[in-house]
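First comes the structure, then the notes that go with it.
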Amino acid sequence: MKYAIIIPDGAADEPLAELGGKTPIEAAHTPNMDRVAREGRQGLARTVPEGFESGSDVATMTLLGYDPRVYHTGRAPLEAAAQRIPLSPTDWVFRCNLVTVVDGVMKDHSAGGISDAEAQRLLADLSRALDLPGFEFHNGVSYRNLLVYRGAEEFELKTKPPHEFPEEPLTRYLPRGKGAEVLKAIMDRSRELFEGHEINEVRKQTGHNAATQVWLWGQGHAPNIPTFQKRFGIKSGCMITGVDLLRGLAVLLGWDVREVEGMTSFHDTNYSGQGEATAEMLDKYDLVFSHVEAPDEASHQADFKTKVESIEHIDRYVVGPVLEKLRTFPEWRILVMPDHPTNIATRKHGYAPSPFAMAGTRVRGVVKSPYSERNAAASDLKIERGHELMEYFLRGGNL
Ligand SMILES: [Zn+2]
């Protein structure tokens, strides 16, 4: 059996007046996702358990079949796994965003999707200026960087992801609890240093958002996760993604990570390259997991046009070729679902259960309707404990 899982990150949404009362998925032309839904089944799965912040770390862990209540220790440690940063059990990892703050208000959690090279320069300069023993910066992709702490300081913190409070004052969301003062000192120092920094001067002149400071959040120790083979008996898996969080989950699961040239987390990504690679990897692996971040980023920018377009591109360039490839195998299954909704209206991740569509060998459909939040909700397939969906998808059992 060959399995393909395709994740249009943050694609689910609410009906929008700008789209004539349709959701972006409904407004998008998606013949391939619709085919999956019509030939197979749709339903809803709750991917963010109660008490958790809605984010791809929690939601993706759930849809991979791992209960976040058992395995989630924070977002940053997952990204550290992606970079294969060695961690001892007492080390701490923080997500270190480069953000744009104007007059004390969070304007952009991504500092205008700053380039890797610019981010590297800024953090290298910050590291030098801080000279704090035990703290090390690690560059990730674009604005998503990490701060590792190896030392005796203990943390018991409440922090807030910057994409969760757009257009709101920073002061409300500063870190609180044990160790908060150190984090605040690092953020303050970055604000002083980045003001008037050459990189920011150039960004402003070229009409890009400046990286006015770092924002620290998502902290935790290294998690202890059983491999996918151990948990589900599937021998080989491959992850294709433009973001470190998912690469990290793949590493922890014991999967290979396949890079694709030109793959980014934005709408400028190489959709067709990713689709081709996903199809090609099905020859080699039992399960291929292909994740596209673009719809999520478009939602955070409240850019509904780009969101619709990115969903259409995923349908055409990823789901289409993958379906075609799958049909060349005697037994196969496909699952399409966003990890979580990201709502254009609020620019934040939502908490509604995620609509999924699956098709293939021994997946029998009952209602033949196109893929959408509404049609998925109308189905009788509702999975409250979202991590049970993977078992159902792999085994085609009863729920
Ligand atoms: Zn997001």
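The values are calculated or read from the model by the stated rules, or taken from the named source; none is laboratory data. Predicted model, so just to flag it, every value in this text is computed and none were measured. Counting neighbours? That spans all protein chains shown, and the Cβs are built from the backbone with ideal geometry, glycine included. Surface accessibility is based on the protein's heavy atoms, side chains included, excluding ligands, DNA and RNA. Shrake-Rupley method; radii C 1.70, N 1.55, O 1.52, S 1.80 Å.
Taking the chain as a Gaussian network, Cα atoms linked when under 10 Å apart, which of Phe356, Phe329, Phe266 shows the biggest mean-square fluctuation? With Cα springs under 10 Å in the chain, the top fluctuation among Phe356, Phe329, Phe266 is at Phe329.
Find, to one decimal place in angstroms, the Kirkwood hydrodynamic radius of the stretch 257-369, where the mean of 1/r is taken over every pair of different Cα atoms and then inverted. Computed over Cα pairs of the stretch 257-369, the Kirkwood hydrodynamic radius comes out at 15.2 Å.
Run through the stretch 84-118 and list the trypsin sites (Lys or Arg not before Pro) located in a DSSP loop whose Cβ has at most 16 other Cβ atoms within 10 Å. Write down the numbers at each step before the final one.
Values: sites: Arg84, Arg95, Lys107; in loops: Arg84.
Here the trypsin sites (Lys or Arg not before Pro) that fit, given the DSSP loop and packing criteria, are Arg84.
Over the stretch 1-113, with every protein chain in place, what whole percent of the accessible area is carbon and sulfur at 1.4 Å, could you tell me? Summing carbon and sulfur atoms, their accessible area is 49 percent of the total for the stretch 1-113.
Here's how it looks for Val101: its modeled amide H is under 5 Å from those of Lys107, Thr212, Gln213, which are all 5 or more places away or on a different chain. Taking the longest Cα principal axis of the chain as reference, the axis of helix 271-284 is set at about 60 degrees. Centre-to-centre, using Cα atoms only, the stretch 288-339 and the stretch 231-253 are separated by 17 Å. Considering only Lys382, Lys158, Lys307, the mean-square fluctuation computed in a Gaussian network model of the chain, springs between alpha carbons under 10 angstrom, is largest for Lys158. The H on the amide N of Gln301, modeled in the peptide plane, is under 5 Å from the matching H of no residue at least 5 residues off or on a different chain. Each Lys and Arg Cβ is given +1 and each Asp and Glu Cβ -1; about its Cα centre, the chain then shows a dipole of about 1200 debye. Within the straight-line cut-off of under 20 Å between alpha carbons, the lysines reachable from Lys307 are Lys22, Lys107, Lys348, sequence neighbours fewer than 8 places apart in one chain being disregarded.
Measure off, as a whole percent, the carbon and sulfur share of the 1.4 Å-probe accessible area of the stretch 309-355, all protein chains present.
Values: 860 of 1690 Å².
Carbon and sulfur together cover 51 percent of it.
Proximity of backbone amide H atoms, modeled 1.01 Å from N, is registered between Ile5 and Val288, Phe289, Ser290, Leu335 at under 5 Å, excluding neighbours fewer than 5 places apart on the same chain.
Treating each Cα of the chain as an identical point scatterer and summing with the Debye formula, the log10 of I(q)/I(0) at q = 0.08, 0.09, 0.13 Å⁻¹ comes to -0.40, -0.51, -1.06. Which distance in Å, rounded to a whole number, links the C-alpha centroids of the stretch 22-39 and the stretch 49-101? A separation of 30 Å, based on Cα centres. GNM, the chain, Cα, under 10 Å: largest mean-square fluctuation among Gly273, Gly233, Gly248? Largest GNM mean-square fluctuation: Gly233. Between Gln229 and Leu174, the simple label model (points 7 Å from Cα in the Cβ direction) yields a spacing of 5.0 nm. Give, as ranges by residue number, the residues of the stretch 200-235 whose backbone N falls under 16 Å from the point 7 Å along Cα→Cβ of Ser127. Of the residues in the stretch 200-235, 214 have backbone N under 16 Å from the label point off Ser127. Here the stretch 38-59 is scanned for amide nitrogen atoms under 16 Å from the site 7 Å beyond the Cα of Lys368 along Cα-to-Cβ, giving 38-42.
Positive end of the dipole of the chain (Cβ unit charges, origin at the Cα centre): among Ser265, Ser379, Thr30, the Cα lying farthest that way belongs to Ser379. Rolling a 1.4 Å probe over the heavy atoms of the protein chains gives the chain an accessible area of 40 Å² per residue.
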